[in-house]
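Trainee: This structure is in structure tokens; I'll ask about it shortly.
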Amino acid sequence: MKSATEFIAWEPRPFKQPPTSGKKRGGYEGASLICPRCAEDARFINRREKSVQTLMGPIELRRPYYHCAGCHRGTVPWDRTLGLNERRFTRAAQELVALVGTLVSFPKGSDETLRKLSGLRVSESTVQRTTEDAGARLRRLWEDRQTLGTSESWDWQRDAQGRTCGYVSVDAIGVHQQGPGGCKAEGRMAYVAKLYSPPLDEQTARPPDQVRYLAGLHPLDSLGLRLRGQAAQVGWDETEQQIALSDGGAGLEDFFRVNFPRAVCIIDFWHVKEYLVELASVWFGADETARKKWLDEQCHRLKHEGGTAVLAELESLDVRRRSAAVREAHRVTTQYFRNHVHRMDYPTYRKAGWQIGSGPVEAACKTVVAERLKCSGMRWGVDGADSVCHLRALWLSEPDQWAAFWRDHPN
């Protein structure tokens, strides 16, 4: 995991637009140019034709071709300027194919969605490769610590004391994997991060697109710098109050302490309640009335008095004459409260008007990952799942993010 000094010194670098030299001259760069591979002199040879698939149908391009005497390889600068890929799609066609692969299964995207949207007829494997190529390009961009779009501070929520508040939350979700040759493989965990500014209450109108997602099969510690870059771009460091919500998963509190040291860490109220539910079930057995009464009392105490009061109640219970199952449930619940009570000051959180549930990021796990990667029978390779996670997170973030990713070419 990165140390605090490493991330504090880092500043996001804006996404640099590629050069458009020669755009007005059909890609002609002169009698020679510097070879992009070996930096030797590459001479103009002739213009060569290439069939290209656009959203309007196929077209023929005649592009200047240069050959390098140093590495004995050719280069076509106009192809790079237009962003043509090896499948001969224009950037606009790539975007549409990748978007379809991001939203629906590759077979459905090929057989149905693309044809209805644009009339494009491409194979399932082409949809898959185009989508995964775009996701890999996005992953490299994040790894290079670049950002998309302009830096502009959000209209952050204000809490009950009038302080601007920013929220960050991280959760993990399993993704089924498939090994070589269709063999069974162990599943992988995809981390989903959400940076957002929610409404103070249901009647307070907020811009609906003040949200950034990051998702992928990367290790948790590598997520920190990427998430810090997103936060810095939307004015996180200028907020007066920062709040980190999680379900108490392993390593998440340390993650927030390192990457968001100013944030108040809150453990999800409903996950805490689940421990009380489990204990009440074994403690009272078939006595439903007593179970419900005790559980309601403890949840009310948790919300209005905090975790310390509930922990005192748990420690006062006499388990010496109880069954082994009851004693174990009591031990687990009590230990859980001891470990996390410093994040259970719910009366203070509620008085300030802060959220106390990690529902937003749990919903993000469903919309970003599960709705696309966990459909019936789906199995993924690591690279493919990672690529689609990156693209779905980008698509569901505020609109300028997806647009900026595809804005780097004239077509």
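Trainee: Ranked from the most accessible area to the least, with a 1.4 Å probe and all protein chains present, what is the order of Met189, Met56, Met378, Met344?
Mentor: Largest accessible area first, the residues go Met56, Met189, Met378, Met344.
Trainee: Which of the peptides 158-165, 215-222, 321-328 is most tightly packed, and how do the rest follow, judged by the mean count of other Cβ atoms within 10 Å per residue?
Mentor: Highest-to-lowest ranking by the protection proxy: 215-222, 158-165, 321-328.
Trainee: So, one more: Which entries of Lys194/Lys303; Lys50/Lys108; Lys194/Lys374; Lys108/Lys366; Lys184/Lys273; Lys184/Lys374 show an alpha-carbon separation above 27 angstrom in the structure shown?
Mentor: In this structure, Lys50/Lys108; Lys184/Lys273 exceed 27 Å between Cα atoms.
Trainee: Here's a follow-up. Averaging over all projection directions, find the projected area of the Cα convex hull of region 303-404 and quote it in nm² with one decimal place.
Mentor: The directionally averaged projection comes out at 11.3 nm².
Trainee: Which Cys in the chain stand alone, with every other cysteine's Cβ at 4.7 Å or more from theirs?
Mentor: Cys165, Cys183, Cys265, Cys299, Cys365, Cys375, Cys389
Trainee: Could you tell me how many degrees, from 0 to 90 and to the nearest 10, lie between the Cα long axis of helix 91-103 and the main elongation axis, the longest principal axis, of the Cα atoms of the chain?
Mentor: Approximately 30 degrees, to the nearest ten.
Trainee: Accessible area per residue of the chain at 1.4 Å probe, in Å²?
Mentor: Per-residue accessible area for the chain comes out at 49 Å².
Trainee: In sequence order, what are the phi-derived ³J(HN,Hα) couplings for region 312-324 according to the Karplus relation 6.51 cos²θ - 1.76 cosθ + 1.60 with θ = phi - 60°, rounded to whole Hz, with x for glycine and proline?
Mentor: With coefficients 6.51, -1.76 and 1.60, one gets 4, 5, 5, 5, 7, 6, 8, 10, 4, 9, 8, 5, 4 Hz.
Trainee: Under the Kirkwood approximation for Rh and a Cα-based Rg, what ratio Rg/Rh is obtained for the chain?
Mentor: When Rh is taken as the Kirkwood radius, the ratio is 1.08.
Trainee: I need the peptides 393-401, 175-183, 300-308 ranked by packing, meaning the mean over residues of other C-beta atoms within 10 angstrom, with the highest value on top.
Mentor: Per-residue mean Cβ counts within 10 Å order the peptides as 393-401, 300-308, 175-183.
Trainee: Another question about this same structure. What number does region 103-152 give for Rg over Rh if you use C-alpha atoms and the Kirkwood radius?
Mentor: For region 103-152, the value is 1.15.
The values are calculated or read from the model by the stated rules, or taken from the named source; none is laboratory data. Source: prediction; values computed, not measured. When we count neighbours, we look across all protein chains shown, and the Cβ atoms used for this are built from the backbone with ideal geometry, even at glycine. Side chains included, ligands, DNA and RNA excluded: accessible areas come from the protein's heavy atoms. Shrake-Rupley method; radii C 1.70, N 1.55, O 1.52, S 1.80 Å.
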